[in-house]
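The values are calculated or read from the model by the stated rules, or taken from the named source; none is laboratory data. Note that this is a predicted model, so its numbers are computed, not measured. Because the Cβ atoms are built from the backbone with ideal geometry, glycine has one as well, and the counts that use them run over all protein chains shown. Each accessible area value is taken on the protein alone, full model and side chains, heavy atoms only, with ligands, DNA and RNA left out. Shrake-Rupley method; radii C 1.70, N 1.55, O 1.52, S 1.80 Å.
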Amino acid sequence: MMQISLRGPIFIVVLLLCGLMSLPVRAGEVSIAVASDFAAPMERLVPLFQKDSGYTVKVGVATSGKLYAQLKGGAVFDVFLSADEETPKRLLQEGLAVAGSRFVYATGRLVLWSAQPDFVDDKGAVLNKGNFNMLAIVNPWYSPYGVAAKETLTKLTMWNSIQEKLSKGENVTQTYQLAVTEKADLAFIPISQVMRDGKVTQGSWWLVPSELHKPILQSAVLMSGAKDQAAAKAFLAFLKSEKARAVMHGFGYELP
């Protein structure tokens, strides 16, 4: 299933557990494959970029793993914004991305979040108490945030013991939905799912200490098959601008 939404000047394609189709590209247009944790920041970045540059933007959203599979399978995008650095490196090694174009645009942060106020304490001790029915994480097979959640639980020596209470979402959005609808009492999700303008305004949460998992170094890369390299390079330059950095910071990302 593919769901298409039109929001003013932004054309966003959200991919739900399906194959990704290449987006038709016009002159003066950049087509961007975006990891699902970064979908909300993109909704703010795209109109800013379009206003400043005059280029138009199309965005395809899915997990980093699924985007990689589709890009390798021939889906045509100009730019790839991954939630990790390994996937863009793989594309470079395979000749599908332009040498020297990769850079880290942000470092993601993982939070343990509950829709219930005061349910999660500021040290994450709720995990040890065990007074919850389900913990949701993104499937580690598809998402670096799922990998980070698994690494965190492993460091806390809980990975094996918690399996009966674990639910794996196929993507960041699905995992968040499990928690926001309280089908899961807790969820490990990107802080970008619940933070806006530097504040988490609902539920309760614990910012997972960075030493509990490998850094989530989110990397951008220019694809070799880019139809409009000028537009693609302009967007990548914009991503490094102070205007873009301010937006990303407001969603809880750490910046290089």
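Here are the numbers for this structure:
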read-out	value
Rg(Cα) / (2.2 N^0.38 Å) computed for segment 154-256, rounded to two decimals	1.36
Rounded FRET efficiency, nearest 0.05, which uses the C-beta distance separating Lys123 from Gln177 and R0 of 41 Å	0.95
Fraction of accessible area attributable to carbon and sulfur, the chain (%, probe 1.4 Å)	53 percent
Estimated dipole of the chain in Debye, rounded to 20 [Cβ of Lys and Arg +1, of Asp and Glu -1, Cα centre]	380 debye
Signed unit charges on C-beta, dipole axis of the chain, positive-most listed residue Ser204, Phe188, Met223	Met223
Along principal axes, Cα extents of segment 66-137, largest first, whole Å	49, 23, 18
Sequence-distant residues sharing a close amide H with Gly169 (under 5 Å, placed H)	Ile137, Val138, Asn139
The chain, relative contact order [Cα under 8 Å, separation at least 6], %	28 percent
Rounded accessible area per residue of segment 189-256, 1.4 Å, Å²	45 Å²
Value at 222 nm in deg cm²/dmol, rounded to 500, when DSSP H runs of n ≥ 4 in the chain each add -39,500 (n - 2.57)	-8500 deg cm²/dmol
Cβ-Cβ FRET estimate between Arg196 and Gln93, R0 fixed at 45 Å, reported to 0.05	0.75
For Trp159, solvent-accessible area (1.4 Å; no DNA, RNA or ligand), Å²	40 Å²
Within segment 54-93: Cβ-based charge dipole about Cα centre, in debye rounded to nearest 20 (Lys, Arg +1; Asp, Glu -1)	140 debye
Segment 75-154 - charge dipole about Cα centre, Lys and Arg +1 at Cβ, Asp and Glu -1, debye rounded to 20	100 debye
Charge-dipole axis of the chain as Lys and Arg at +1 and Asp and Glu at -1 on Cβ define it, positive-most pick from Phe77, Phe251, Pro41	Phe77
[x] 15.7; [y] 13.1; [z] 14.1, with the label sought being that of the calculated mean projected area of the Cα convex hull in nm²	[y]
Square roots of 5 times each gyration tensor eigenvalue, C-alpha, segment 57-188, largest first, Å	32, 15, 13
